Amino acid sequence: AVESVNIVSEEDLEKESERLKEKHPDSHRDTVKAIGRKLTKEWKKSKIVSPKPYNGPTVPAGGSLKNVVGSFDLGNTGLVLEVAESLAAPGAGFGLFLRKRDASVKNVILPAGQPLCGYPVQVSSKPSIEGGKTILFALNSLKSDVFFKGTLMSLEGALATAGEGSELASHAVARDPKGVPIGIGPLGDSEANCDPVDANRYLVPYSGIDFTGGGGGRPAGVAGLGDQANDLSVEASGPNGMLQVGGTRPGSAATERDYLTQAAKKNLLAFRYNLDLDSTSGVSPPRLVPLSPLLVVTQTVVVSNVEPMELGHAYGFPYWKQQLEDMRKWG
């Protein structure tokens, strides 16, 4: 005979398992245990975990953002990205905000890995052109997530897709005897002998805030917004030269572990390299080169807010460490 059970919670799961044991006392113990394991497995498979609404810094009820310098629709999603004065901390400059266009728009689910906007940069062989958030193009793992021709994949997958013997600009690809990539690492300028093909590449953000594409080279629209996102995990880097993040005791400096823990909690966006094939004529074997990176969503969330909420992007502990060293040096 088939017996039905009704389970809608963990508590129901325990009750039904006990009920079956009492109802069938003569059943073999292993059979009863197997039924319990089966119930648990099916319960876990049937559980639907709803993504949580995004809850970032926002203006008080009835308030509004100050100094909005850009507002852009995200395609036909009903979402809007805006650049305005940051709510992260006094003097934080501009910040990046996300909201629904209006209350008539249905809640929107943003899945983990979804690109949200571009991180506009100039690719240069010089460490600095303009702007203060220069990034050295450097990958140290074949498992690193990258975009290649618009698709998110591992660097290993990108090299395989590009073709046999493919290379990565400014990096050395280690291969096994069969030619399969087994390691990756950046080339220093000395190792590359300053060859422009292999020399270090730096991704240098633009300094202006013209998001219309009308000046300074910054791409127009959402492609040019990513560098405006602040690191929401950092609360202060005061005159005592100590990095403060949420959860650390006032007056004590945050460790790298403290920072990484808060960065994962506070920041929804993460940086991903964006690669394409070198368009230089006659390049053989194929060589992957960096384009302007993308900022992606790190966890699946629901956007249900009509009021703008600030988005965070982790800059990384080395960035803040350097900022503090500069503060101490220059006062």
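The values are calculated or read from the model by the stated rules, or taken from the named source; none is laboratory data. Note that this is a predicted model, so its numbers are computed, not measured. We place every Cβ from the backbone using ideal geometry, glycine too, and count neighbours over all the protein chains shown. Please note that ligands, DNA and RNA were not included when accessible areas were found on the heavy atoms of the full protein model with its side chains. Shrake-Rupley method; radii C 1.70, N 1.55, O 1.52, S 1.80 Å.
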| task | Please work out how much accessible surface Phe148 shows to a 1.4 Å probe, ignoring ligands, DNA and RNA, in Å² rounded to 10. | result | 10
| remark: Reduced to Cα centres, the span from segment 296-322 to segment 61-77 in Å works out to 16
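Could you order Arg175, Arg37, Arg218, Arg99 so the one with the most accessible surface comes first? Probe is 1.4 Å.
Heavy-atom accessible area, descending, gives Arg37, Arg175, Arg99, Arg218.
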| remark: Among segment 94-119, those whose backbone N falls under 15 Å of a label point 7 Å along Cα→Cβ from Asn76 are 106
| Which value, in Å² and to the nearest 10, is the accessible area of Val83 when all protein chains are kept and the probe is 1.4 Å? | 0
| query | With every protein chain in place, what's the accessible area of Tyr119 (1.4 Å probe, Å², nearest 10)? | reply | 10
| note | Each label sits 7 Å from Cα toward the beta-carbon; between Glu325 and Lys15 the label points are separated, in nm, by 6.1
